[in-house]
């Protein structure tokens, strides 16, 4: 997984991660520009459940109407 470096904007890569709670993950990144930056930093990401109804075929309905505009979903 890639993420922009918070110091220089260069692409950084996940080095390790761990779950802090059932919904929160802490991920450590290191900048890919080792010669000029190379600084490590961490991020926190949280997942949340979105309730939705199922159709009679058991397929999920789009969570957002904009998803209907994506190719293959119309």
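If you scan segment 27-37, which residues turn out to be over 13 Å from residue 3 (Cα atoms) and surrounded by 14 or more Cβ atoms within 10 Å (Cβ to Cβ)?
Scanning segment 27-37 gives a single hit, 37.
Scanning segment 1-22 for residues that are in a loop (DSSP other than H, G, I, E, B) and at pLDDT 90 or above gives 5, 7, 8, 9, 10, 20, 21.
The values are calculated or read from the model by the stated rules, or taken from the named source; none is laboratory data. Since the model is a prediction, treat every value here as computed from it, not as a measurement. Because the Cβ atoms are built from the backbone with ideal geometry, glycine has one as well, and the counts that use them run over all protein chains shown.
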